[in-house]
Amino acid sequence: MAKQNASDSAATSVESLIRHISSEYDVLSKQLKIIARYVEEHKDHIGLDGVQHVAQQCSVQPSAVVRFAKHFGYSGYSEMQAIFRAGISKQLAPSRTYQSRIRDIIASDKGGSHHLSSTDIASEFLTGSLAGMQELKNSIGTPNFKKAVDLLAASDCIWIAASRRSFPVAAYLDYALQHTDKRIGLVTGIGGMQQGQMRSVRKDDVMIAISFSPYAEETVSVAKLAVERGAKLIAMTDSQMSPLAKLAKTTLIVQDNSTFGFRSLTSTMSMAQSLFIALAYTLELPYKSSSASNAGSSDTN
């Protein structure tokens with residue numbers, strides 16, 4: 001039988017492949033789920049990475065990577081890889097260089113012979129944050145961001161839900177969105193009363209839910225309740241395969257870099273700030289220079 005190119009069931013663009021993977025994620029085996037997340041999170045690199053490298057990063061056999069490609073309609077890894085090569089310029093992004101360097105630093109310190117100073121550690125952390133910001137800048141032009149702004153602009157009431165590491169981002173959005181004329185609700189979960197707060201959610205309200213792997217159960221639970229009550233969900237998360245993305249009207253993907261196992265909030269906070277500024281521009285909120293405000297005003301910083 002002659003070898004075929006991508007079949008009718010195989011995606012012909014990165015975006016459509018990610019959507020296909022996301023739609024079938026729940027029924028994939030554990031190994032294929034690991035590969036799925038790796039493909040999404042490293043889509044700017046797959047065009048250059050061989051099957052052996054992908055298998056090593058996913059801690060699976062190369063045959064599992066080939067099986068993954070075939071599951072989504074390709075003849076093998078090479079045929080799937082070809083659709084990633086259209087964006088080859090992105091594969092030389094700062095994040096790729098950064099990730100390689102941080103792996104080398106960690107590997108060199110396994111024997112304890114390489115000691116980083118406090119300044120070295122801070123420098124690596126900031127470099128990782130800069131790389132993440134560059135990735136965010138490259139991806140911000142998707143229709144999802146505009147859809148999120150449009151949903152916020154059209155709603156009279158906006159709810160914000162986040163827990164643990166993501167809570168500072170929710171607190172910032174609560175502060176910023178109070179500068180609009182919309183009703184704003186921050187789901188804090190204090191005293192375990194988030195279920196009670198959800199009784200105030202109405203049809204056509206909008207909720208911004210923020211959570212990253214391994215995903216806070218309380219945030220996912222609150223998002224489900226909001227959707228059940230007719231609210232429209234904006235997910236700020238790290239994957240189209242996250243439980244929040246499956247509930248959302250639109251999903252804002254943010255993947256902060258990890259330095260020595262510690263994930264920053266730099267890109268996530270920048271996404272939140274960008275979302276508010278874009279909304280403020282859409283609503284034509286009046287600008288008031290901070291230098292013109294009263295020195296004794298409590299609404300500063």
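The values are calculated or read from the model by the stated rules, or taken from the named source; none is laboratory data. Fair warning: this is a prediction, and the values are worked out from it, not measured in the lab. Cβ coordinates were reconstructed from backbone atoms using ideal geometry, including for glycine residues, and neighbour counts include every protein chain displayed.
Summary of values
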{"quantity": "Residue within the range 56-68 that is free of Cβ contacts under 8 Å to residues at least 60 places away in the same chain, touching a Gly at 6+ places or on another chain (Cβ under 8 Å), basic (Lys, Arg) and within 18 Å of Ile18 (Cα to Cα) present", "calculated": "no"}
{"quantity": "Selection status of Ser213, within 22 Å of Ala245 (Cβ to Cβ), surrounded by fewer than 17 Cβ atoms within 10 Å (Cβ to Cβ) and touching a Ser or Thr at 6+ places or on another chain (Cβ under 8 Å)", "calculated": "yes"}
{"quantity": "Pairs with Cβ under 6 Å, 6+ apart, first in the range 16-39 and assigned to a helix (DSSP H, G or I) and crowded, with 16+ Cβ neighbours inside 10 Å, second charged (D, E, K, R) and modelled with pLDDT under 90", "calculated": "Ile18/Glu40"}
{"quantity": "Matching option when the condition is more than 28 Å from Ser23 (Cα to Cα), at pLDDT 90 or above and not β-branched (Val, Ile, Thr), among Ser274, Ser211, Ser221", "calculated": "Ser274"}
{"quantity": "Only one of Ile35, Ile18 that is at pLDDT 90 or above and within 20 Å of the chain's Cα centre (by Cα)", "calculated": "Ile35"}
{"quantity": "Residues located in the range 216-252, provided they are of a type in the set (Val, Ile, Thr), under 20 Å from Phe167 (Cβ atoms) and in contact (Cβ under 8 Å) with a residue 60 or more places away in the chain", "calculated": "Val222, Ile234, Thr251"}
{"quantity": "Identity of the residue in the range 44-71, of a type in the set (Val, Ile, Thr), buried (at least 21 other Cβ atoms within 10 Å of the Cβ) and modelled with pLDDT of 90 or more, that ends up farthest from Lys137 (Cα to Cα)", "calculated": "Val65"}
